[in-house]
């Protein structure tokens, strides 16, 4: 019986020396011969926390299976490409969707989602008839309210459909409210202020609609992006002009960068409104399709911009000024173009002819003054200016 412990000791010693030999061999082997450990695939944090990625599992968990199956279609939506922030979904039940044989579920989904976080308590504070633009561009939901008499509680309606299960889900990125039914397909005129009728909404005097929440979000987005990309003065101007801008449907803004303002283009600071085209979204692809002589309104009442030379980025001139960098910032509602110089004011005779339907720019209607001659000289350093700009008339 004494032999067994001896054999066990010999076996342990043999295993120890065998392990030591193996370790020594590995230590002496070239490092390159050791394959690196495989790294587990990692999903980008931004994608994993985006509303689009969250909608499908959240809707499935809440029992909205038809909507959950339509979530992948959102990736084809230009609105979702431009906005990936917090979103609110007014979710109709599967049974209500299935009652509409001709309805497109992807369309229902996009027209029931609005950008921003709209908790039930926040919806209760909105003015009666507030319009909220959906992720289907140009389509708005109308939020109304009424009082449930027996309980004296506030009921919220979206296009006349009551929110029957409020705040089913809210994690600070996605909010889901359950609807009693589904909202009928929205018309292109759903964002206009139409007359509210008692057939669709509870009796209560309508109040003028508040600014679009989407425009508020897009202006904040523009301020943050411009501030960090060399256009801090424009970002500050947007904050100052915010009460005017937030009531617009869209905005096209022309600007000069901070460096140009510090080195001479200070006139832009007092003429920011003259460089904003209200209620029009004109990216470079849109601008280059405009013919010469096209007149654009500015936010400065009674003052206009005009396409003086048509063409692409290299040839297009607005008020005789060429763009330095088109589309320096754009989101779903706001597009910004960078200029070499602030816009000069056109001669009144030129604008009168354009506004009265004469589709041309009258050149040399007055002898250019020295300041505009200097402006053209600056443009010559950047591939020239095609025509001599007319004098600046600040009294327009």
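Before moving on, here are some points about what is shown:
- Net length available on complete extension from residue 224 to residue 263 is 11.7 nm, with 0.36 nm assigned per residue and the Cα-Cα distance removed.
- Residue 125 versus residue 165: modelled label distance in nm, points set 7 Å from Cα along the beta carbon direction: 2.7 nm
- Label-point separation, residue 247 to residue 56 (7 Å along Cα→Cβ), nm: 4.4 nm
- Segment 270-320 - percent relative contact order, Cα under 8 Å, separation 6 or more: 32 percent
- Calculated FRET efficiency, residue 273 to residue 65, Cβ-Cβ distance, R0 = 56 Å: about 0.65 to the nearest 0.05.
- Using the Cβ-Cβ distance between residue 301 and residue 325 with R0 set to 25 Å, the FRET efficiency from 1/(1 + (r/R0)^6) comes to roughly 0.30.
No value in this document is a laboratory result; all are computed from the given coordinates. Note that the coordinates shown come from a computational prediction; the quantities given were computed from them, not determined experimentally. Note that each Cβ is placed from the backbone with ideal geometry, even for glycine, and that neighbours are counted across all protein chains shown.
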